[in-house]
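Engineer: Supplied in structure tokens, the structure appears directly below.
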Amino acid sequence: MNMTSERAVAQVKIKKLHPDAVIPQYARAMDAGFDLVAVEDVIVAPGQSAKVPTGLAFALPEGFELQVRPRSGISAKTKLRLSNAPGTVDAGYRGEVCILVDNIRIPSVERKNVCLDAAEKETEVAQQVDPNSYLIKKGDRLAQGVIAIVPIAQFEVVEELDETERGAGGFGSSGIKA
């Protein structure tokens, strides 16, 4: 790990698995995340999940992970959510990084019975199947990646844990009022 401008730098190798894959870049100097871009059109029907390919494989240094996180604009403006946010790409994984997306919209009551083939992936077709479907287009910036340091835990089995003010309180035990 190198330090540049007081920031840690991880040397990450990237392999393009698709000719149209977009090499990640940071939009601004102090950004934590870089955009991950869809490499093909994918329709996500309401209530369904989809695996959206990026066309990229990463070789991360040992002790690091790639976290796949939602982009705030997509979460604010659509009902698309990342299934396992943040997703983890381990340093030992060398396959294609894909983005797992859920469309949390409720399906329309009246669905038309339309079959789709790969050549029909247009917004109008998605809307014919269900007006609450989303068409993720090739080239859409769908998620962001963050490179993070991953410490290794050394587990120790004990008879008792130390006491804290919180104790075993969880799941709303601190209340909701400020």
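Engineer: Return yes when ASP102 is under 14 Å from TYR134 (Cβ atoms), part of a strand (DSSP E or B) and touching a residue at least 12 places away in the same chain (Cβ under 8 Å) and no when it is not. Break it down into steps so the answer makes sense when it comes.
Structural biologist: Numbers: under 14 Å from TYR134 (Cβ atoms): yes; part of a strand (DSSP E or B): yes; touching a residue at least 12 places away in the same chain (Cβ under 8 Å): yes.
Considered against the rule, which asks whether it is under 14 Å from TYR134 (Cβ atoms), part of a strand (DSSP E or B) and touching a residue at least 12 places away in the same chain (Cβ under 8 Å), ASP102 comes out as yes.
Engineer: Applying the selection to the stretch 139-153, what residues are part of a loop (DSSP other than H, G, I, E, B) and surrounded by 15 or more Cβ atoms within 10 Å (Cβ to Cβ)?
Structural biologist: ASP140
Engineer: Could you please let me know if PRO107 is at pLDDT below 90, assigned to a loop (DSSP other than H, G, I, E, B) and under 27 Å from the mean Cα position of the chain (by Cα)? Lay out the reasoning, then the answer.
Structural biologist: Numbers: at pLDDT below 90: yes; assigned to a loop (DSSP other than H, G, I, E, B): yes; under 27 Å from the mean Cα position of the chain (by Cα): yes.
For PRO107, the condition - at pLDDT below 90, assigned to a loop (DSSP other than H, G, I, E, B) and under 27 Å from the mean Cα position of the chain (by Cα) - is met.
Engineer: Moving on. What strands (runs of 3 or more DSSP E) completely inside the stretch 1-94 contain at least 3 residues that are within 16 Å of the chain's Cα centre (by Cα)?
Structural biologist: 34-37, 49-59, 64-70, 80-82, 87-90
Engineer: Tell me yes or no: at least one residue of the stretch 127-134 is modelled with pLDDT of 60 or more, out of contact with any Asp or Glu (no Cβ under 6 Å at 6 or more places or on another chain) and either assigned to a strand (DSSP E or B) or under 25 Å from ASP35 (Cβ atoms) (or both).
Structural biologist: Looking for residues that are modelled with pLDDT of 60 or more, out of contact with any Asp or Glu (no Cβ under 6 Å at 6 or more places or on another chain) and either assigned to a strand (DSSP E or B) or under 25 Å from ASP35 (Cβ atoms) (or both), one finds at least one in the stretch 127-134, hence yes.
Engineer: Among the residues of the stretch 20-76, which ones are at pLDDT below 95, crowded, with 16+ Cβ neighbours inside 10 Å and more than 20 Å from SER133 (Cβ to Cβ)?
Structural biologist: Hits for the stretch 20-76: nothing passes.
The values are calculated or read from the model by the stated rules, or taken from the named source; none is laboratory data. In this text, all values refer to a predicted model and were calculated from it rather than measured experimentally. Heads up, the Cβs are rebuilt from the backbone with ideal geometry, glycines too, and the neighbour counts pull from every protein chain shown.
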